[in-house]
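The values are calculated or read from the model by the stated rules, or taken from the named source; none is laboratory data. Since the structure is predicted, the reported quantities are computational estimates derived from the model, not experimental observations. When we count neighbours, we look across all protein chains shown, and the Cβ atoms used for this are built from the backbone with ideal geometry, even at glycine.
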């Protein structure tokens, strides 16, 4: 009798556990209930995200995240995370989404969901201002080029970048050495130390180069752009694919971004932080 009673209770417990799993709330429900949306970010990636003179996070991505939170009706909490951890997925609910200028690639889509693009940016090579021998992109052949690790720029230099819906055209030369850094800013800082001191060039976002020169990184940030953009990134908000019930949140984010397109908010923020309209047409 006790044995059958135990088995009955065990079966009932499994039924309730299964039911709890089946009827678990969506990610969107969890965020609305908590009243907080946790956003991963990089505090050293101006003008997308950086610490201002008041010690506060500021930048294009920061403002986009705050506007998304406002339209969702929740507060926004920013969490600084290493880029390679974000792109790898399996976040374990430590943050809810990445609004950090991420390009959807075939590799990343294995671990992440992506929204519609909310802006675009050209990829740009830059060299030290005092350099007189590197006059074209071909002159970078065999040189030491710095890049932020696990970025589209990193993948481009390794010639294995797969953008969604875009055919990437590579240069007909290869770098002699590819030096990776935690962030784009670290690579730019090393290049600013002097021509060939640590690096011969850097590949990053054109907007990041503009901001670095404007803010005077290193010793006056003596950098100059080399050639035109080598490819264009269309950047999206990312969600963790391993987190169950994320689809309604993804749909809601697309709806919010679409509204920010229509009412001109994204263009307004682009003009404010970049001085130009980087918002692609839908």
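Residue-level check: of (1) outside the structural domain of residue 46 (by TED's automatic domain parsing); (2) crowded, with 18+ Cβ neighbours inside 10 Å, residue 137 misses just (2).
For residue 77, the conditions (1) in the same structural domain as residue 239 (by TED's automatic domain parsing); (2) surrounded by 15 or more Cβ atoms within 10 Å (Cβ to Cβ) all hold with the exception of (2). Of the set (1) under 27 Å from residue 161 (Cβ atoms); (2) outside any strand (DSSP E or B), all apply to residue 124 but (2). Count of the range 30-52 residues, restricted to those that are in contact (Cβ under 8 Å) with a residue 12 or more places away in the chain and closer than 18 Å to residue 181 by Cβ, is 8.
Do we have any residue at all in the range 33-44 that's within 17 Å of residue 118 (Cα to Cα) and modelled with pLDDT of 95 or more? Among the residues of the range 33-44, at least one is within 17 Å of residue 118 (Cα to Cα) and modelled with pLDDT of 95 or more, which makes the answer yes.
Looking only at the range 162-176, decide whether some residue is assigned by TED's automatic domain parsing to the domain that holds residue 127 and within 12 Å of residue 146 (Cβ to Cβ). Checked the range 162-176: at least one residue is assigned by TED's automatic domain parsing to the domain that holds residue 127 and within 12 Å of residue 146 (Cβ to Cβ). The residues of the range 61-80 that are in contact with a helix residue (DSSP H, G or I) (Cβ under 8 Å, 6 or more places away or on another chain) and either within 16 Å of residue 249 (Cα to Cα) or assigned to a strand (DSSP E or B) (or both), listed by number, are 67, 68, 71, 72, 73, 74, 75, 76, 78.
If you take the residues of the range 81-90 that are in a helix (DSSP H, G or I) and over 21 Å from residue 116 (Cα atoms), which of them is modelled with the lowest pLDDT? Ranking the qualifying residues of the range 81-90, first place goes to 84.
Filtered by the rule that a residue be more than 15 Å from residue 39 (Cα to Cα) and either modelled with pLDDT of 95 or more or crowded, with 16+ Cβ neighbours inside 10 Å (or both), the range 91-112 gives 103, 104, 105, 108, 109, 110, 111. What do you reckon, is residue 177 surrounded by fewer than 17 Cβ atoms within 10 Å (Cβ to Cβ) and either within 23 Å of residue 109 (Cβ to Cβ) or touching a strand residue (DSSP E or B) at 6+ places or on another chain (Cβ under 6 Å) (or both)? When the stated conditions are applied, residue 177 passes them.
Selection of the range 228-274 for residues being assigned to a loop (DSSP other than H, G, I, E, B) and either surrounded by 13 or more Cβ atoms within 10 Å (Cβ to Cβ) or modelled with pLDDT of 95 or more (or both) yields 229, 230, 231, 241, 242, 243, 244, 245, 246, 263, 264.
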